[in-house]
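I have placed the structure first, in the form of structure tokens, so that the comments after it can refer back to it.
The values are calculated or read from the model by the stated rules, or taken from the named source; none is laboratory data. It should be emphasised that the depicted structure is a prediction, and the values quoted were computed from it without experimental measurement. Cβ placement follows ideal geometry from the backbone for every residue including glycine, while neighbour counts extend to all protein chains displayed. Ligands, DNA and RNA are stripped out before the accessible areas are found, and what is left, the full protein with its side chains, is counted by its heavy atoms. Shrake-Rupley method; radii C 1.70, N 1.55, O 1.52, S 1.80 Å.
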Amino acid sequence: MYSVNAKVALTSDASKQCARWDCSRSTSEAVYCRESCLALVTSDAQSRLPACTTDVYASAAKFVGVASKLLKSLRDNTESGIPQLLSPDLLQIPPWESGMFDYDFADQRVDYCNWIFTGLSPIPNSTTTSGFKWEGGGRVKMIGEVRHCVFKPSPGQDRKWKLHQFSSPDLMGKAVYLMHCDR
């Protein structure tokens, strides 16, 4: 499993912050604070796997700052370094069977894994071939300017998985996702 393990601390003025998703440095007029961030954004965005990290999720309220920054990048058509949902059927396959989410908890200090990606906002209701579906997306919670929904897989696997969707009323059709798996 590859891991970013980046602590994300956002400034109070996100419009003056580097566009790379996990960079907290300020930038004056440029989108990226330095050339190295631009190079990382370019290589990370081309990844075939969702971005994996272990420490940006403590609660939806804590992640909403990162989600807000990513939604702003989507709105501005600016690359943030988070991969786009590569296959429209990714959310129609149970995450533990898709091969996109490596959740080997070999490190005893890790209690959960998270994968961050962006994609289309409608979650598929179900597939006719597997019977798998995401449930619970009816409750939408507003956290600041960001809409948040939690989906759980059905049938599930020991209630370890959750899919968090973050969207914005002024950015219809696209969303930021945080796939969460507990140990």
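Being at pLDDT 80 or above and either basic (Lys, Arg) or part of a loop (DSSP other than H, G, I, E, B) (or both), is that true of even one residue in the range 107-130? No. Flag not set for ARG48, criterion: modelled with pLDDT of 80 or more and open to solvent by 50 Å² or more (accessible area, probe 1.4 Å). Quick one: would you say PRO169 is without any contact (Cβ under 8 Å) to a residue 60 or more places away in the chain, more than 16 Å from TYR112 (Cα to Cα), buried (at least 17 other Cβ atoms within 10 Å of the Cβ) and of a type outside the set (A, V, I, L, M, F, W, C)? Against the criterion (without any contact (Cβ under 8 Å) to a residue 60 or more places away in the chain, more than 16 Å from TYR112 (Cα to Cα), buried (at least 17 other Cβ atoms within 10 Å of the Cβ) and of a type outside the set (A, V, I, L, M, F, W, C)), PRO169 does not qualify.
Restricting the range 33-45 to residues that are at pLDDT below 85 and not hydroxyl-bearing (Ser, Thr, Tyr) leaves a set whose member that is surrounded by the fewest Cβ atoms within 10 Å (Cβ to Cβ) is ALA45.
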